[in-house]
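As structure tokens, the structure follows; a few thoughts come after it.
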Amino acid sequence: MKNIVKLEFIKTFGYPGFRTIILLHAILFLLVVTIGSQIHLSIQGLRIDKLFAFPHIWATFSWIGSWFNLLLGIIVIILVGNEHQFRTFRKQLIDGLSRNQILYSKMVIITILALYALLIVLLTGLIFGIIYSNNITISSVFEKTPYVLVLFVQSFAYMMLGMLFAFIFKSNALSIVTFILFFFPIEPILRVFFPSEIDQFFPIKIISNLTPMPDFVGITTSDLIQINGSSPASLQNMGIMPESLSVGIATIVCIGYIIIFYFITKQIVKQQNF
């Protein structure tokens with residue numbers, strides 16, 4: 001298994017397309033958070049800079065990081081699609097690898113990419129949080145870090161779904177187009193025909209909503225609430241954002257979908273003619 005993982009590393013990290021997309025992912029994320037942190041907006045007590053201070057920065061950066069998870073899914077699609085195109089899967093089977101080992105090697109890459117997504121948010125969050133926080137305490141630094149772990153689960157789910165499409169369609173172009181269209185408009189159209197009680201459990205909605213937009217109204221008005229004792233404002237009770245499943249429940253359901261994606265992919269790998 002060690003040799004399989006080593007070979008997978010050579011194929012993946014030696015591929016120019018992989019390095020290009022990862023670099024693009026990192027640059028886009030850093031660009032957005034840097035530009036966002038430079039926006040100084042204060043309107044009647046609403047201060048957007050609080051979104052970049054501890055502990056709220058973890059929710060903010062996880063939300064921004066989720067914008068680029070599609071790129072990670074596309075990376076996995078390309079890696080699997082290239083294996084089909086150049087028939088390296090067939091060669092690996094001839095060389096004695098099992099179909100399960102082929103799948104496990106891709107799972108290792110997915111895990112590493114999900115860890116990368118977690119680490120880039122964690123490291124940049126620490127740096128920006130230290131810069132933009134006035135009063136730093138241990139509790140404020142770690143209070144909302146579970147948001148970063150949720151981003152890991154979300155990134156993993158994006159890539160598992162991407163891998164599933166890549167094994168189904170084999171073609172990079174068809175897999176990528178279907179992958180993107182499944183997020184919009186295919187699943188949103190399907191959800192229209194179901195009541196909200198069922199609609200909220202659809203896979204794409206669950207995965208996408210794992211890292212919701214931070215409640216900037218509630219966050220930025222917290223100082224006013226402490227001063228005048230008024231009830232907290234929020235996007236939900238203002239009617240701007242609909243109520244949704246709690247992050248905990250959504251994470252559990254998402255993990256369930258990851259397991260489903262894995263077993264479907266496993267069955268396809270077992271039966272597919274490489």
Return the residues of the stretch 108-118 that are in contact with a helix residue (DSSP H, G or I) (Cβ under 8 Å, 6 or more places away or on another chain) and under 15 Å from Lys11 (Cα atoms); say none if nothing qualifies.
Val108, Ile109, Ile110, Leu113
If you take the residues in the stretch 143-178 that are over 26 Å from Val247 (Cβ atoms) and among the aliphatic types (A, V, I, L, M), which one is surrounded by the most Cβ atoms within 10 Å (Cβ to Cβ)?
Ala166
Of these, Val33, Val5, which one is under 25 Å from the mean Cα position of the chain (by Cα) and under 17 Å from Leu119 (Cα atoms)?
Val33
Among residues of the stretch 194-217 being aliphatic (A, V, I, L, M) and touching a helix residue (DSSP H, G or I) at 6+ places or on another chain (Cβ under 7 Å), the residue farthest from Val253 (Cα to Cα) is Met213
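Each row is one residue, and each column tells you yes or no for (1) over 13 Å from the mean Cα position of the chain (by Cα); (2) outside any helix (DSSP H, G or I); (3) within 30 Å of Lys270 (Cβ to Cβ).
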{"site": "Val121", "(1), (2), (3)": "no, no, no"}
{"site": "Gly125", "(1), (2), (3)": "yes, no, no"}
{"site": "Phe128", "(1), (2), (3)": "yes, no, no"}
{"site": "Phe167", "(1), (2), (3)": "yes, no, yes"}
{"site": "Leu174", "(1), (2), (3)": "yes, no, yes"}
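I'd like the full set of residues that are over 23 Å from Ile64 (Cα atoms) and aromatic (Phe, Trp, Tyr), limited to the stretch 1-28. It would help to see each step written out before you state the result.
Filtering the stretch 1-28 for residues over 23 Å from Ile64 (Cα atoms) gives 1-17.
Answer for the stretch 1-28, where residues must be over 23 Å from Ile64 (Cα atoms) and aromatic (Phe, Trp, Tyr): Phe9, Phe13, Tyr15.
Given the criterion surrounded by 16 or more Cβ atoms within 10 Å (Cβ to Cβ), among the aromatic types (Phe, Trp, Tyr) and either out of contact with any helix residue (DSSP H, G or I) (no Cβ under 8 Å at 6 or more places or on another chain) or at pLDDT 95 or above (or both), identify the matching residue among Phe128, Phe86. Write out each step before concluding.
Working: Phe86 fails: surrounded by 16 or more Cβ atoms within 10 Å (Cβ to Cβ).
Being surrounded by 16 or more Cβ atoms within 10 Å (Cβ to Cβ), among the aromatic types (Phe, Trp, Tyr) and either out of contact with any helix residue (DSSP H, G or I) (no Cβ under 8 Å at 6 or more places or on another chain) or at pLDDT 95 or above (or both) holds for just one of Phe128, Phe86, which is Phe128.
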Where a residue in the stretch 163-179 is under 21 Å from Ile260 (Cβ atoms) and its partner, wherever it lies, is crowded, with 19+ Cβ neighbours inside 10 Å and of a type in the set (Lys, Arg), with Cβ under 7 Å and at least six apart
Met163/Lys106
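Can you tell me how many residues within the stretch 60-104 are aromatic (Phe, Trp, Tyr) and not in a loop (DSSP other than H, G, I, E, B)? Spell out how you get there, then give the answer.
To start, the set of residues in the stretch 60-104 that are aromatic (Phe, Trp, Tyr) comprises 61, 63, 67-68, 86, 89, 104.
Next cut, not in a loop (DSSP other than H, G, I, E, B) only: 61, 63, 89, 104.
Result for the stretch 60-104: 4.
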Note on Ile94: of the conditions (1) within 25 Å of Lys6 (Cβ to Cβ); (2) aliphatic (A, V, I, L, M); (3) touching a residue at least 12 places away in the same chain (Cβ under 8 Å), unmet is (3)
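The values are calculated or read from the model by the stated rules, or taken from the named source; none is laboratory data. The structure presented is a predicted model; accordingly, all values stated were derived computationally and were not measured. We place every Cβ from the backbone using ideal geometry, glycine too, and count neighbours over all the protein chains shown.
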